[in-house]
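Read the figures in this text as sums done on the coordinates, not as results from a lab. This structure is a prediction, so every number in the text was calculated from the model and none was measured. Heads up, the Cβs are rebuilt from the backbone with ideal geometry, glycines too, and the neighbour counts pull from every protein chain shown.
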Amino acid sequence: MIKIEKLHKSYPIGKDSLHVLKGIDLHIKEGEFVSIMGSSGSGKSTLLNIVGLLDIHDEGNYYLNGQLIKDLNEKKAAILRNKFLGFVFQSFNLISYKTAVENVALPLYYKGMNRKERLQIALEYLEKVGLKDWANHLPNELSGGQKQRVAIARALVTKPKVVLADEPTGALDSTTTDSVMDLLKAINDEGMTVFVITHEEEVAEQTKRVVRLKDGVIISDEFTKAAKAV
Amino acid sequence: MKFLFDSDSWQEIYGSIRKNKIRTVITIIGVLWGIFLLVVLLGAARGMENGFKKIFGDFATNSVFVWTQRTDTPFKGFQKGRRFSLNSNDIEALKSEYGDKIKFLAPRNQTSNLLVHNFKSGTFQVSGDYPVLDMIQKKKLIYGRFINQNDMSSYAKVTVISEDMYKQLFDKGVVPIGEYIKINSINYKVIGVYGPSQGIDLDGDTAYIPFSTFKKVYNTADDIDWMVITADQNTDIKQLESDIKLTLKSLHKVHPEDKRAFGSFNLGTEFAKFTDFLTGMQFLTWFVGIATLIAGVFAIGNILLITVKERTKEIGIRRALGATPKSIRQQIILESVFLTTVAGMLGIVFGGLILFVIDSLFGQGEDAALVNPTVNIPIIFIAFITLIVLGTLIGLIPAHMATVVKPIEALREE
């Protein structure tokens, strides 16, 4: 599903450049539940941005769903994002003046689906995350956990190949963290590839494979107890 | 094009406008003000123009009046200060020389006399005129007709009087046609009564009698007091005026450089001054209106730019969810065009209302300052199209700014 070979990325800072990713090799198969662990500055967010086609790598190869990602223009990237990727952000990133169901339906809008159809699908996904009754509420009327569940519904609505979650529980307390992780697990159990970035051990433990990054290189890559239990 | 008729596009615009009510209102006011000014100024200018046209009214404006005075230069043995008169010879000479340029030529003789009807009387101007005068200064006849060629050749003692004279000389309800009035103790049959003329009136209350009759009765021989010359529409009336004077000077043995011998009044050049003034007004109106309009459109661009900046993160989210740069651009341009269009329509409506108010305040009655202040639909249409085009062009700037930021940077924005 995701295949990364010798990936390098550096950012220019003034005259110097900061080498963030120093040759990452990673292969994630379909249906995996992977977490990337690392302290801040380890390059985990950069990796997710590159995987999420929000940023471009300098060197190395990146295959998404067997397709080599190279020389993407914004339009192609937008279409690929819409087709293959679902995003869940730490700060939820819901559009504040749209209701929950409208937020969930937004990716379908960019897919070119008509309004009636996409609101119906969006409602199905809201039901799936247990927020059907909150469909017509604005984001600021929802709790943090509810917001993140809306965001997850939005990430899932296009039936992507991979769900990318950047610190999905970073802004949540432990109870809501568990409910969000349970949701992600449930999604994974249905066969979805889930790719989580976190710095919380408890979160990483609940995934099936943990990749640890330090200073731009992978220092360990192992299956967790949760995976072995299955 | 499908994009325009997609209810979702409008849904998005509605959402974005609803979110930013105040800036939307301010933006709209900017453009509204521009087109409002344009409409009101154009309408007021048109009203003024109509007002001036009303003043010139029924008078052929391409006209010049010529009369004789005293010479100021000795010439061919004549002393300076000589008096002389125009005569029928001059008329023939002018007609043959400038026949292609002169549309009408009316020689006139005038005097002042006591008019008597039964026991009523009054002193009025009496004017000996050719029928052609009616072509130069249209008379609005209430009763009867103006002098015709028959009256001229038969030296008929007939007269055409004004409505005021009729009221002064006749009892109420008496039909004046066929009645006789005494002018200088000679009986004249009334053949017509004319109403007050619109705009300029050279004569005031005058009893018009045939030129031929005047000549006989007042024994003016071949002399002519003055004449009115109306040129063809395409003739330069100023040039014609000096040409005619030169011809007359040679006919009357007056020095070509003599400045006093012939007096004249050129209605054409006077009128041209007004038209120039009006053209200037129109130009100013357009200039001010368009400039304000452009300022308004720039305000829209400016505010959209700020909005785009405010919405950087939202745009980033949308792009992460699969919005193409094109769809973002379309959205912002559509928003710009939509705002300008709404503002434009409101401006036109308000402008129209104000013109309506102006019309009812200053546009009514005989001596209204502004007559029928209106703006042509095609002009409004052009202004409106210009507005939409400008709205699109100005929308391109924020639209570009919205897509130039990378989604990753946009998302990082707080």
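Label-to-label distance for B:Leu114 and A:Lys159 is 11.5 nm, based on points extended 7 Å past Cα in the beta-carbon direction.
Using θ = phi - 60° in the Karplus curve 6.51 cos²θ - 1.76 cosθ + 1.60, the 3J(HN,Hα) couplings for region B:153-169 round to 6, 9, 6, 5, 8, 10, 9, 10, 10, 7, 4, 5, 5, 4, 5, 6, 9 Hz; x is entered for Gly and Pro. Between A:Gly38 and A:Thr198, A:Leu213, the built amide H atoms are under 5 Å apart, and every one of these is 5 or more places off in sequence or on another chain.
Applying 1/(1 + (r/R0)^6) with R0 = 51 Å to the Cβ-Cβ distance of B:Ile186 and B:Arg82 gives a FRET efficiency near 0.95.
Selection among B:Phe287, A:Met192, A:Pro12 by position relative to the dipole of the protein assembly as shown gives B:Phe287 as farthest towards the positive end (Cβ unit charges, Cα centre).
A crude spin-label estimate for the pair B:Phe381 and B:Gln282, with each label 7 Å from Cα along the Cβ direction, gives 1.8 nm.
In this rough spin-label picture, where each label sits 7 Å from Cα along the Cβ direction, the B:Trp67-B:Phe298 distance is 5.7 nm.
Within 10 Å of each Cβ in A:94-101, how many Cβ atoms from other chains are there, averaged over the peptide? Kindly include the intermediate steps, with their values, before the conclusion.
Values: counts 2, 8, 3, 6, 5, 0, 0, 0.
Rounded to a whole number, the mean comes out at 3.
Based on Cα contacts under 8 Å between residues 6+ apart, chain A shows a relative contact order of 29 percent. For the residue pairs A:Lys132/A:Lys208; A:Lys116/B:Lys326; A:Lys214/B:Lys309; B:Lys140/B:Lys189; A:Lys111/A:Lys161, the alpha carbons lie more than 26 Å apart in A:Lys132/A:Lys208; A:Lys214/B:Lys309. Legend: mean number of C-beta atoms from other chains within 10 angstrom of residue C-beta atoms, peptide A:73-80, equals 5.
Between amide H atoms placed 1.01 Å from N, distances below 5 Å from B:Lys138 occur with B:Ala60, all of them 5 or more places distant or on a separate chain.
Within chain B, helices built from complete DSSP H runs that reach 24 Å or longer along their own axis (Cα positions) and carry a mean Kyte-Doolittle hydropathy of 0.5 or higher are B:21-56, B:267-310, B:325-362, B:377-404. Computed from point charges on the beta carbon alone (+1 for Lys and Arg, -1 for Asp and Glu), the dipole magnitude for region B:98-175 about its Cα centre is near 140 Debye. Straight-line reach from B:Lys406: taking Cα to Cα under 14 Å and skipping same-chain neighbours fewer than 8 places apart, the aspartates and glutamates in range are A:Asp55, A:Glu74, B:Glu314. Near B:Ser162, the amide H atoms lying under 5 Å from its own belong to B:Tyr194, B:Thr206; only residues 5 or more places off or on other chains count, and H is placed 1.01 Å from N. The calculated FRET efficiency for the pair A:Ser17 and A:Asp215, based on their C-beta separation and a Förster distance of 22 Å, comes to about 0.90.
Cross-link reach is defined here as a Cα-Cα straight distance under 16 Å, omitting same-chain residues fewer than 8 places apart; for A:Lys29 the aspartates and glutamates meeting it are A:Glu5, A:Asp189, A:Glu190, A:Asp221, A:Glu222.
Among B:Ile22, A:Ile50, B:Ile328, flag the residue with its Cα farthest along the positive direction of the charge dipole of the protein assembly as shown, charges on Cβ as +1 for Lys/Arg and -1 for Asp/Glu. Final value for the positive-end residue is B:Ile328.
Comparing Cα centroids, region B:23-63 and region B:118-181 end up 41 angstrom apart.
Projecting the Cα positions of A:Thr99, A:Ala153, B:Asn219 onto the charge dipole of the protein assembly as shown (unit charges on Cβ atoms of Lys, Arg, Asp and Glu, taken about the Cα centre) puts B:Asn219 furthest along the positive direction.
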